[in-house]
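Student: First the structure, which I've put down as structure tokens, then a few questions once you've had a look.
The values are calculated or read from the model by the stated rules, or taken from the named source; none is laboratory data. All figures in this text were calculated on a predicted structure; none of them were measured in a lab. Glycine also receives a Cβ, built like all others from the backbone with ideal geometry; neighbour counts cover every protein chain displayed. Only protein heavy atoms, including side chains, enter the accessible area calculation; ligands, DNA and RNA are left aside. Shrake-Rupley method; radii C 1.70, N 1.55, O 1.52, S 1.80 Å.
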Amino acid sequence: QVQLVESGGGLVQPGGSLRLSCAASRTISGTYVMGWYRQAPGNEREMVAGIISGGQKSYADTVKGRFTISKENGKSTVYLQMNSLKPEDTAVYYCKVRYGPADYWGQGTQVAVSL
């Protein structure tokens with residue numbers, strides 16, 4: 001079992017920045033995928049960014065050039081640096097880890113982009 005705890009959400013004005021963190025309850029090693037998803041009201045959950053154990057990253061087209069995913073191996077923590085935020089980035093952001101045969105999700109953190 002892996003518990004994930006997200007932090008760093010909040011209210012920010014358009015053009016601002018936020019940094020989300022997701023800490024795992026245990027050391028994750030070997031082969032795994034860590035990622036960030038988001039879900040806005042009335043919308044399906046969508047992938048925002050992902051990073052595999054080897055370091056390769058992927059991003060949704062809507063966030064390329066604005067968001068950066070990174071991981072801190074020693075702490076099994078993944079980050080999402082979000083710059084140039086737009087109102088359409090408003091959503092609950094979830095951390096997910098695929099480790100072995102299972103997917104683990106965090107509880108979500110709210111990001112609101114508004115004047």
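Student: Considering only residues that are open to solvent by 50 Å² or more (accessible area, probe 1.4 Å) and among the polar types (S, T, N, Q), look in region 15-37 and name the one that is farthest from residue 57 (Cα to Cα).
Tutor: Only one residue fits best here, namely 25.
Student: Continuing with this model, one more query. Can you find, within region 73-90, the residue that is nearest to residue 10 (Cα to Cα) among those that are open to solvent by 30 Å² or more (accessible area, probe 1.4 Å) and not in a helix (DSSP H, G or I)?
Tutor: 90
Okay, residues lined up against (1) among the hydrophobic types (A, V, I, L, M, F, W, C); (2) more than 13 Å from residue 89 (Cα to Cα); (3) modelled with pLDDT of 95 or more:
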{"site": "11", "(1), (2), (3)": "yes, no, yes"}
{"site": "26", "(1), (2), (3)": "no, yes, no"}
{"site": "40", "(1), (2), (3)": "yes, no, yes"}
{"site": "61", "(1), (2), (3)": "no, no, yes"}
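Student: So which residues in region 61-99 are without any contact (Cβ under 8 Å) to a residue 24 or more places away in the chain and on the phi > 0 side of the Ramachandran plot, if there are any at all?
Tutor: Within region 61-99, 65 is the sole residue that qualifies.
Student: Continuing with the same structure: Can you pull out the strands (runs of 3 or more DSSP E) entirely within region 1-72 that have at least 1 residues that are among the aromatic types (Phe, Trp, Tyr)?
Tutor: 32-39, 57-59, 67-72
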